[in-house]
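Below you'll find the structure, written out as structure tokens, and then a few comments.
The values are calculated or read from the model by the stated rules, or taken from the named source; none is laboratory data. No experiment lies behind these values; they were computed from the predicted model shown. Methodologically, a virtual Cβ is constructed for each residue, glycine included, from the backbone with ideal geometry; neighbour enumeration extends over all protein chains shown.
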Amino acid sequence: MGEKIPSRQEALDLLHRYNESDSLRKHAYAVEGVMRYMARKRGENEEQWGIVGLIHDLDYERFPDQHCAKTAEILREQDWPEEYIRAAVSHGWGLCTDIEPRTTLEKALYAIDELTGLVATTALVRPSKSVLDVQVKSVKNKWKDKRFAAGVDRSIIERGAEMLQVGLDELIDDTIKGMQDVAEAIGLKGHP
């Protein structure tokens, strides 16, 4: 018997069961949107990439001290495929896990997880409060100011771009476009 492939609804139900925080849910939707965009662009499995993006921080609200380890435990209890579990856990490489991103999916998740926070914060300081009119150059300008979105580890984003063998501008552009696709769900439609 083969592994059961989880549906987006199953992923969403798990996300909501383990995360009540609006900001954590919106982060998950943002990462899902970017992962789906990047999968489409690369001709990869959009559903798989999106689902992994949606559940990557599954354990963060309830088990911050066991981040990634608890996600793996929860997903194994739900009989999720190891490929999905490994991908979700690998985004914490060097921080809370030693599982290095190897597949393109894993590298993409690693690269854009922190970047979605920088793009969201850039959108929120705009008069429009919208991701719909955020440009790469706006994010790059904010990138230089280390006090802006100080919690965003820029070195992880740079390492992720290198892993994917893409320039920072392209990675930022992909992240913006993916977040624009889900602007309403992540509360960044604003009023452009």
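Restricting to the range 163-184, give me the number of residues that are assigned to a helix (DSSP H, G or I) and either crowded, with 21+ Cβ neighbours inside 10 Å or charged (D, E, K, R) (or both).
The total comes to 13.
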Fill in: Sole residue being under 18 Å from the mean Cα position of the chain (by Cα) and under 25 Å from ALA120 (Cβ atoms), chosen from GLU83, GLU20
GLU20
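Being modelled with pLDDT of 95 or more and surrounded by fewer than 18 Cβ atoms within 10 Å (Cβ to Cβ) narrows it down to one residue among ARG42, ARG25; which is it? Before the answer, list the steps.
Working: ARG25 fails: surrounded by fewer than 18 Cβ atoms within 10 Å (Cβ to Cβ).
Result: ARG42 is the single residue among ARG42, ARG25 that is modelled with pLDDT of 95 or more and surrounded by fewer than 18 Cβ atoms within 10 Å (Cβ to Cβ).
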Worksheet item: Of all residues in the range 68-117, which are small (Gly, Ala, Ser), touching a strand residue (DSSP E or B) at 6+ places or on another chain (Cβ under 8 Å) and closer than 26 Å to ALA185 by Cα?
Response: SER90
Discussion item. Please verify whether GLY187 is surrounded by 14 or more Cβ atoms within 10 Å (Cβ to Cβ), modelled with pLDDT of 95 or more, on the phi > 0 side of the Ramachandran plot and of a type in the set (Gly, Ala, Ser), treating the condition exactly as stated.
Written reply: yes
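Search the range 140-154 for residues being over 18 Å from VAL31 (Cα atoms) and in a helix (DSSP H, G or I), and hand back the single one that is modelled with the lowest pLDDT. Break it down stepwise before answering.
Of the range 140-154, the ones over 18 Å from VAL31 (Cα atoms) are 140-148, 150.
Retained after the next criterion (residues that are in a helix (DSSP H, G or I)): 140-144.
Numbers: LYS140: 95, ASN141: 93, LYS142: 93, TRP143: 93, LYS144: 90.
Out of the qualifying residues, it is LYS144.
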Worksheet item: Which members of the range 149-177 meet the condition of being hydrophobic (A, V, I, L, M, F, W, C) and within 18 Å of ARG102 (Cα to Cα)?
Response: ILE156, ILE157, ALA161, MET163, LEU164, VAL166, LEU171
Practice prompt. Mind listing whichever residues of the range 34-44 are touching a residue at least 24 places away in the same chain (Cβ under 8 Å) and over 8 Å from the mean Cα position of the chain (by Cα)?
Written response: ARG36, TYR37, MET38, ALA39, LYS41, ARG42, GLU44
Worksheet item: Failed condition for ASP13, given (1) farther than 20 Å from LYS189 by Cβ; (2) assigned to a helix (DSSP H, G or I); (3) in contact with a helix residue (DSSP H, G or I) (Cβ under 9 Å, 6 or more places away or on another chain), with all others met?
Response: (3)
